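The values are calculated or read from the model by the stated rules, or taken from the named source; none is laboratory data. Just so it is clear, the model here is predicted, and its values are computed rather than measured. Here Cβ is always computed from backbone atoms with ideal geometry, including for glycine, and neighbour counts include all displayed protein chains. We work out accessible area using only protein heavy atoms, side chains counted, and drop any ligands, DNA or RNA first. Shrake-Rupley method; radii C 1.70, N 1.55, O 1.52, S 1.80 Å.
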Amino acid sequence: MKRTVPLFITFFVGTLLIVSVFLPPVQSMGENFTLFFDIIAVFAFFLGGGNLVRIHLDKVSRRKKDWGYSLVTLFGFFLVLASGLFKIGNAGGIAASVTASGSWFQTIFERVMNPLSSTMYALLAFYVASASYRAFRAKNREATILLIAAFVILLGRTPFGTMITAWIPDSLSALQVPNMAIWIMSSPNLAGQRAIMIGIGLGVVSMSLRVLLGIERTYLGEDKG
Amino acid sequence: MRPLTSISRSYVCSLCCLLLTLVLIPSSNNIAFAQADIPDTAAPILPAPATSLVASDHKYDDGDHIDLSWVPSIDDQVMKGTVTGYRLYRITDDSTPVKLAEFAAGTNRYQDNAVRLGRAYVYYLETIAPTGTALSVRTAPLRTEREWINFDRKYLFLIAFIIAGSVIYFIETARRGKKLFIRKIAGLEAVDEAIGRATEMGRPILFIPGIQDMDNVQTVAGITILGRVARVVADYDTKINMPVSRSLVMTAARETIKTAYMAAGRPDAYNDDMVRYVTDEQFGYVAAVDGIMVREKPATCFYLGAFFAESLIIAETGNSVGAIQIAGTAMPAQLPFFVAACDFTLIGEELFAASAYLSGEPKQLGSLKGQDIGKGLALLMILIGTLAATLSAAYDIEFMTNLLNTLTSVFQTNR
């Protein structure tokens, strides 16, 4: 019974969602089931938040290694939670929008969260460089092709690439670096991407059927069907 | 003729100026007089109304949508700014007109989504301008109809039927004992070895299921792989660490790992803290994962699910701590990053095949075989489409043009 009911629900809802694509009267039901997921996910926030607090409280109380970071986490968590729930700092009081100008919640989001997120995102530039250094090595034939393609595209995106091949006549304009870069992106790269996307679509269908038919049950905590 | 002297030239210029002044005075008087002819109390010029307002029942729906289109006011078309907008009114079953929507100038279509079966609807437009408003002609009463089947998607249904049917067929074939060939996937062959490495080194395994919730099929795929991985982890008595960014994923992952440990006969070794929630915030989650990597130095990292910009940040950090990294995602934009930074990458569909592949179970593998029928169908359609497009463009062959148009309509699924 612990597995049968979830399996039945999975089959019923999944089948209904498929049918809703083809039968207009059922479409609204399909949309409702999608909404139901969002509602369930909201309730699940309590589980996640509770888990976060419990783990970090345990770390602080036991004075485990790096417990100071846990203290910072807990402080931030409760500060933002209180700011949002009680609309602290809002000129309009608790009835006003949580993102009203001047509220603690909005201030924390704009002056702490956004800069921190941007900082993490900025790391990507350096990681791209380090990953490229390792990836673009002529270790074998495929790697050599990758290196050449990357080099052409890199030059094609910069004024230097235009400058070094500007002397090539218009009749051979395809050999100019910017045009070569465009061709690589619009033909081989795009073709490969679309092939991958077709495979992904088929993979989704296959996996969905396994889940729908109860063949794949690992997500329910059961080994196999 | 003798040249004019400076005194003579000055005299001539002055005379000309005087004459010009005398001429202009009567003209100014004429202008003033002409302005006086225009009465100050002229009636304002109203804008031209919008025309050709048409209401039609939206095709293949439950009778809950009406499509409206019209030709904007001629004033709106001729001179920008003369019309400031439009208001749409609806009359339901001969009741009082109700304002339905307002549009900016230049708008010429709208879909009414608040329609109910069995009622008669009449619409009209009010054109708004600084000088006044004008009403359009009303539409004829319209009652919508329910349509049970969306025939625009008949080809989509056929394709889905073929692909799903082939998957089911091969599942049944495998269940009956027929041996099916499945190509090797290097990343999956390395799973046991990677876990074994972590065991030998006495360092934990890190499993990241992406940053999406359980409604994303990639996350489900990641969780299914987690089940296989956790079973091996339990057998090898290795530590596993799984920080997640969604609460529902935490719940599902815990259940999956717990079951795996029970199946391995090690229920006592399971701990809820193997899976912990971090945050929904994308880069907050990235920061936490990076911190865990730096502090705990996992020997093996799995990244299996849906990833966005954080993929390379996580993978490069894993690389910096010397971990073996096995990644898989169906996000085309992130695949290059994983390929560049990880030891093994499951590309696209391989992510969805992973669980079945690792299980080794015939009927699971049968579903993979069914995908090949879909690929064959896709290849065939691509070849036919390419041929039709080429011959149509190069030689203007009517048959090829018609074939190309047919294929285009078959694969248009956005209706």
If r is the Cβ-Cβ distance from A:R62 to B:K297 and R0 is 22 Å, what FRET efficiency results, to the nearest 0.05?
0.50
Calculated from backbone phi, Karplus (6.51, -1.76, 1.60) coupling profile of segment B:297-304 in Hz, x at Gly/Pro
6, x, 7, 9, 10, 10, 10, 9
Provide the FRET efficiency to the nearest 0.05 for the B:L387-B:L19 pair, computing r from the beta carbons and using R0 = 56 Å.
0.05
So what's the back-of-envelope 222 nm ellipticity for chain B, counting only DSSP H runs of four-plus at -39500 (n - 2.57) apiece and dividing by all residues, rounded to 500?
-16000 deg cm²/dmol
Taking a ≥ b ≥ c as the square roots of the eigenvalues of the Cα gyration tensor of segment B:114-164, is the shape rounded (a/c under 1.5), prolate (a/b larger than b/c) or oblate?
prolate
Rounded tilt (10° steps) of B:217-236 against the dominant C-alpha axis of chain B:
20 degrees
For segment B:254-347, what log10 I(q)/I(0) values come out of the Debye formula at q = 0.20, 0.21 1/Å, with one point per alpha carbon and no solvent?
-1.03, -1.09
Return the whole-Å distance between the Cα centroid of segment A:141-164 and the Cα centroid of segment B:48-115.
52 Å
Once you sort the root eigenvalues of the Cα gyration tensor of chain A as a ≥ b ≥ c, which label holds: rounded (a/c under 1.5), prolate (a/b larger than b/c) or oblate (the other case)?
oblate
MRE, 222 nm, helices only [DSSP H, n ≥ 4, -39500 (n - 2.57), over chain A, to nearest 500]
-23500 deg cm²/dmol
Counting alpha carbon pairs within less than 8 Å and at least 6 residues apart, what relative contact order, in whole percent, applies to chain B?
14 percent
List the residues of segment A:31-58 that lose 30 Å² or more of accessible area once all protein chains are present, compared with their chain alone (1.4 Å probe, heavy atoms only, no ligands or nucleic acids).
A:F37, A:A44, A:F45, A:L47, A:G48, A:N51, A:L52, A:R54, A:I55
With each label point set 7 Å from Cα along the Cα-Cβ vector, what nm distance links A:T162 and A:F37?
4.5 nm
Occluded residues from segment B:295-333, i.e. those whose accessible area drops by 30 Å² or more once the chain is not alone (1.4 Å probe)
B:R295, B:A309, B:L312, B:I313, B:E316, B:P332
Considering only DSSP beta bridges with both partners in the protein assembly as shown, what is the antiparallel share in %, to the nearest 5?
60 percent
Provide the packing ranking of B:68-80, B:336-348, i.e. peptides ordered by the mean count of other C-beta atoms within 10 Å per residue, highest first.
B:336-348, B:68-80
Can you tell me what share of the DSSP beta bridges in chain B is antiparallel? A percent to the nearest 5 is fine.
60 percent
If amide hydrogens are placed 1.01 Å from N in the peptide plane, which non-local residues have theirs closer than 5 Å to the one on A:N90?
A:W104
Cut-off under 5 Å, modelled amide H: who pairs with B:I240 long-range:
B:I205
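Using a 1.4 angstrom probe on heavy atoms only, work out the carbon and sulfur share of the accessible area of chain A in %. Present the calculation step by step, with values, prior to reporting the outcome.
On the way: 10340 of 14270 Å².
Of all accessible area on chain A, carbon and sulfur atoms account for 72 percent.
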At 1.4 Å probe size, with every protein chain present, just tell me what the per residue accessible area of segment B:181-230 comes to in Å².
36 Å²
Could you state the angle between the C-alpha long axis of helix B:310-320 and the longest principal axis of the C-alpha atoms of chain B, as a value from 0 to 90 degrees rounded to the nearest 10?
40 degrees
Quick one: which residues, 5+ away or cross-chain, put their amide H under 5 Å from the amide H of B:A129? H built at 1.01 Å from N.
B:T84
Would you mind pulling out the separation of the Cα centroids of segment B:354-415 and segment B:253-287, in Å?
40 Å
Can you tell me, using C-alpha contacts under 8 Å and at least 6 residues apart, the relative contact order of chain A as a whole percent?
13 percent
Candidates A:M120, A:M29, A:M180; GNM for chain A (alpha-carbon contacts under 10 Å) flags as most fluctuating A:M120
Rough spin-label spacing in nm, given labels placed 7 Å along Cα→Cβ, for B:I74 and A:I196
5.6 nm
Given points 7 Å out from each Cα along the Cα-Cβ axis, report the A:W183 to B:Q111 separation in nanometres with one decimal.
4.2 nm
Just to check I understand the Karplus step: with θ = phi - 60° and J = 6.51 cos²θ - 1.76 cosθ + 1.60, what whole-Hz values come out for segment A:85-97, glycine and proline as x?
5, 9, 6, 4, x, 6, 5, x, x, 5, 7, 6, 5
Per-residue HN-Hα couplings for segment B:251-263 [Karplus 6.51, -1.76, 1.60; θ = phi - 60°; Hz; x = Gly/Pro]
4, 5, 5, 4, 4, 5, 5, 4, 5, 4, 5, 5, 5
If I fit a long axis through the Cα atoms of helix B:398-410 and take the longest principal axis of the Cα atoms of chain B, what angle between them do I get, 0 to 90°, rounded to 10?
70 degrees
Result for segment B:261-393: accessible area per residue, probe 1.4 angstrom, in square angstrom, of 34 Å²
Shielding of B:278-288 by partner chains, average beta-carbon count, 10 Å
4
